[in-house]
Each structure stands twice: as C-alpha cells, then as structure tokens.
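Nothing in this text is a laboratory measurement; each read-out follows from the coordinates by a stated rule. Since this is a predicted model, take the numbers as computed values, not measurements. Here Cβ is always computed from backbone atoms with ideal geometry, including for glycine, and neighbour counts include all displayed protein chains.
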C-alpha cells in the first residue's frame, strides 16, 4: 500500500482538486466556525479565522448577506481591509461566499459576505453594458458598504493622488501610491482562491490598477469570480485582469488598505455585476492607445508619453484627464504666466476628429481645465459612444502672456445702406503692447419696421454662443465639438431681421415664412420665430477677453 503524506506549512493552503462544495445561507447557524483566505504580503494567500454571526435576509434585491466575525492575520488591529473584497470564506471546508462589505470605524473585525450561489449565477451572464454607478460613501456609518477597492497608481504625484481620491471615492475606489510595474507579459499561471487580482484601467507611462481578491476559479470554463460586490457595476465590461503582489497592509482607524502592484496579465474582465466581477482567463481586453507630447518652449522640455486606457463611457475620460494633468504639471513647476496650445486628434471607426485651442494660466503651470474638456466630451457623448481607435494629444507651452482685451468697436460710417458691407473696426489691447485695430466687413440687412439699425456684439470665442444646432445624432455631436469657437477667435454676433431654426441637427438660417410653415409641425414648441443670429469669426494670435457692442442706423428707403 502506498502511503501519502501531506505537509502543511504556515501560510500555505492546499486546495482540493475536485469541484468546490458550497453552503447556502439557510444552512448556516450563528457560532459556526471556519476560515477565509487573502494575501497580506507577497502573492500567497494566508488563512484567517471566521465565525458566523448571522444572516441578513434580502439585504439586497434577491441577495442575502452573511455576517461574520474575523480573527487572526492581525485583523484585530487592521479590522476589515480594503483589498480583501472577494476573499473566499469557508465553513466546514465548504465555500459560503466572498467577504465584500464592511462598516466605517468598526471596533471589531466584522464583515458582510456575499453568498457564493449569487456569484455563481453570474458566471456566464450576458446583458447590455451599463455605466459606472456612483456608490455613496458619506453619511451613515451604520449601513454596510462595499469595501473600498484600492486603486494602485503608478507615476502619479501625491497631489494628483489626493485629487483623484476626491474624484474617484464616490465610485468606491481608494487611490493609493503603488509604484510602476513596467511592461508586463501575459502569464499562464492560474489564479487561486484568496489570491490577489487586479483590474487594470490604464497602463504605460502611467498606471492605474484596482486590486481585490479571487473568490472562485473554474478552470474548465476559464472563469474567475472576484470582489463579491460590483466594481463599477458596468455590466458587460472589458479590462485586463492581472496577477498582483501585495507589498504591505497600511493600517488605519478609518479603513486599512492593501498597497499593491500588478505583476502579469492573465485574462480580461467580461462582467461587472451586483454580486461579483467575472474574468475570462482566455480573453484579451481592447484598450485605447493614447500618445501624448508635452513641449515647454521656455524650458526646452520635450517629453513623449505612451498610454493605454480602458474603453468606458465614464472612466476613459476621467483617467485621461488626470493622466494629462500629471504629465502637464510634471513639465512645469513654474508660477509664471503660461500660454498653452492644445492639439487633439482622435481616430474613430468612421472619421477622424481634430481639435485645437489655446489657453492662458495667470497662476502659472501648464494645466488648464479647458484644455482637457474636449477629451471628456469626446469620450462621453450623450448620443452614443464613438468607437475610438487611438488618440494623440500635443500640448505646447510658453511662459509668456499672449492675451488681449477687447476694448471697443465702432463702424466706419455714421449710416449704412442695405446690401452693403459695413466696415467695423475693433480695438484690441494686447498685454504689454500698444492697441491693435482689427476690421470686419459686416453685411447690412434691409431695414424693416422692427430693425432700423445694425447691432453687432463683439466677443471672444470662449464666451460666444454656439453657431451650431443642438446635435441630433452622434455624427452631429462630433461635428459640434469640432466646430466650437477657440479662445483666440474674435466673434462678431449679428442680430438680423430674418428667422432661423434648428432642424434635425442643422441650423437653418434666413428662412422665408413659407419654409417655417412647412417645417413647423416637426419642431418643438417655441422653435418657430426664433431670431436668426449671424456670426463672423476672425482668428487672432491672442487669448481674448472682454466684449464690445457697436450700432449704426440703416438708411430708410
């Protein structure tokens, strides 16, 4: 007879090769004891002890929550740790679910467990993708909350991490410094219950990886269940999943958390649901490549960055905005006046969108909120999601003040004739330079009973009204973004006697009454009879501010 000896070493756990047995909440009784698995340092799961406290029936829609008390692994000190989400809990050697919920400022290591049968039901679920759901994290300390998910950031400064904490906290994420992992290869190593798992949102010269714990592995179906609660509750959602290494547990009275870094790619997220996330170890996530170049002409700084970000209607833009803020601020620590030019090109599946604009920072530094606004608008359209293949962003800065104020405007003649082009002179005052005169030729309409003078408002592109109709579809929306006025544009807004209206995403101007009558039935209430506004645009070399108005009588016939 062959004798088989099993050696159990401290910190190492042997798992049965057969299918994992499970227990449902109605099979659990207070006082039953078992254990859980999670990584507290390195990559190997460690055991901690658990005791059943009770079961909250229908704590969530059609989902119970199992209450447990934990001990061991220094949890008496740390309490529940952010990053333990998904830690498998076993009673009598049978899996009951994933540690997933906790309370703020708890005195004991109490936690809520998501039943495993709810998680297994999501294994092959298929549904429409959703959007990130804001998870309330303020107010009551008596209600259970999904454990915060550490968002390990590489390449970000403490100031940006703090800003991202304020922005991403409402989504259940806890941004923490994690260090850079560099270029990572795909790994054939298997996930294991209790092992650390990362969901990578951005990689390259800057990184962002959300870290939790594996609950269940189905090798035959190449599926991994983790977290025990929604990540972004995004439904069918794709992002790289990573093996992760835990560096240390940072103990805190408010919420202890794991500090971690990704170490290798091992599949892709394929589902993000109420009870868990689901990963496929054979899948590969589609990422959007983004190249950025920062040029500071005053300091000679010229740096190239290469990034890849997830394709998500909310987080793509948020991640890129914060990445650009970090890149831009790294290029200049000066408090001097700075003028910033931004060039953005995005290649979409059916077209290319190119945007340019110029901004001025009176307080110095290269970052300006307006410089990244088009990125947010491009990635989060209300009329459908454009499929973006790649994007390139170039920012050119000079530590100088290229601004001008619109001082006044006047017509060359005291009275104008209908049909002529009236010359309008506009006085600009560039900063630190003499006044400059710009001239526009304004078409003069016919005088009517209601319009006896030509009135023109001169303003800057940043404050000028849009010269496009409300978009009717995604292509119109992209066109509206591309045609938006620039901060350096001098815009003349001319009120005329004609009538115009928005119609199916287009702005129709100077329509006769007969056309208004024909189109009227398809228009919203109040659209007919809107005064038509004509615009003339003159590009300049300065970021403009101010407004001026000029009036001149139209000779009556």
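If you take the beta carbon distance between residue 27 and residue 472 as r and set R0 to 35 Å, what does 1/(1 + (r/R0)^6) give as a FRET efficiency, to the nearest 0.05? Mind dumping the intermediate values first?
Details: r = 57 Å, r/R0 = 1.62.
According to the calculation, E is roughly 0.05.
Among 394, 403, which comes first, then next, by fewest other beta-carbon atoms within 10 Å? Kindly include the intermediate steps, with their values, before the conclusion.
On the way: 394 16, 403 20.
Arranged by neighbour count, lowest to highest, 394, 403 become 394, 403.
At a 10 angstrom cut-off on C-beta neighbours, averaged per residue, how do the peptides 421-434, 314-327 rank from highest to lowest? Show your work: numbers first, answer last.
Values: 421-434: 15.3, 314-327: 22.4.
Top to bottom by mean Cβ count within 10 Å: 314-327, 421-434.
What is the fewest-to-most order of 78, 229, 301 by other Cβ atoms lying within 10 Å of their Cβ? Walk me through the numbers before you get to the answer.
Numbers: 78 20, 229 27, 301 14.
Starting with the residue having the fewest Cβ neighbours, the order is 301, 78, 229.
Spin-label point model (7 Å from Cα, Cβ direction): what's the residue 284 to residue 253 distance in nm?
A separation of 5.0 nm, rounded to one decimal place.
Report the gain in length on full extension from residue 123 to residue 189: 0.36 nm times residue separation, minus Cα-Cα distance, nm rounded to one decimal. All intermediate terms of the calculation are to be shown ahead of the outcome.
On the way: separation 66, 0.36 × 66 = 23.76 nm, distance 2.06 nm.
Length difference between fully extended and current span is 21.7 nm.
Mind checking the full-extension length gain between residue 291 and residue 49? Use 0.36 nm per residue of separation minus the Cα-Cα distance, one decimal, nm. Walk me through the intermediate numbers first.
Details: separation 242, 0.36 × 242 = 87.12 nm, distance 4.79 nm.
Here the answer is 82.3 nm.
Let me know the volume per residue of the alpha-carbon convex hull for segment 288-398, in Å³. Mind showing how you got there, number by number?
Values: hull volume 9.5 nm³, N = 111.
Per residue, the Cα convex hull of segment 288-398 comes to 86 Å³.
If R0 is 56 Å, what FRET efficiency do you get for residue 77 and residue 220 from their C-beta distance, rounded to 0.05? Mind dumping the intermediate values first?
Working: r = 40 Å, r/R0 = 0.71.
The formula returns an efficiency of 0.90 here.
Just to verify a number: FRET efficiency for residue 414 and residue 463, C-beta to C-beta distance, R0 = 30 Å, to 0.05? Show your work: numbers first, answer last.
Working: r = 29 Å, r/R0 = 0.97.
The computed FRET efficiency comes out at 0.55.
For segment 65-109 and segment 165-209, what is the centre-to-centre distance using only Cα atoms, to the nearest Å?
Taking the Cα centre of segment 165-209 as reference, the centre of segment 65-109 is 22 Å away.
For residue 400 and residue 350, calculate 0.36 nm times their separation in residues minus their Cα-Cα distance, and state this gained length in nm to one decimal. Mind dumping the intermediate values first?
Details: separation 50, 0.36 × 50 = 18.00 nm, distance 3.89 nm.
Additional length available on full extension: 14.1 nm.
With a ≥ b ≥ c the root eigenvalues of the C-alpha gyration tensor of segment 139-245, is it rounded (a/c under 1.5), prolate (a/b larger than b/c) or oblate? Don't jump to the answer; show the numbers that get you there.
On the way: a/c = 2.15, a/b = 1.17, b/c = 1.84.
It comes out oblate by the Cα gyration axes.
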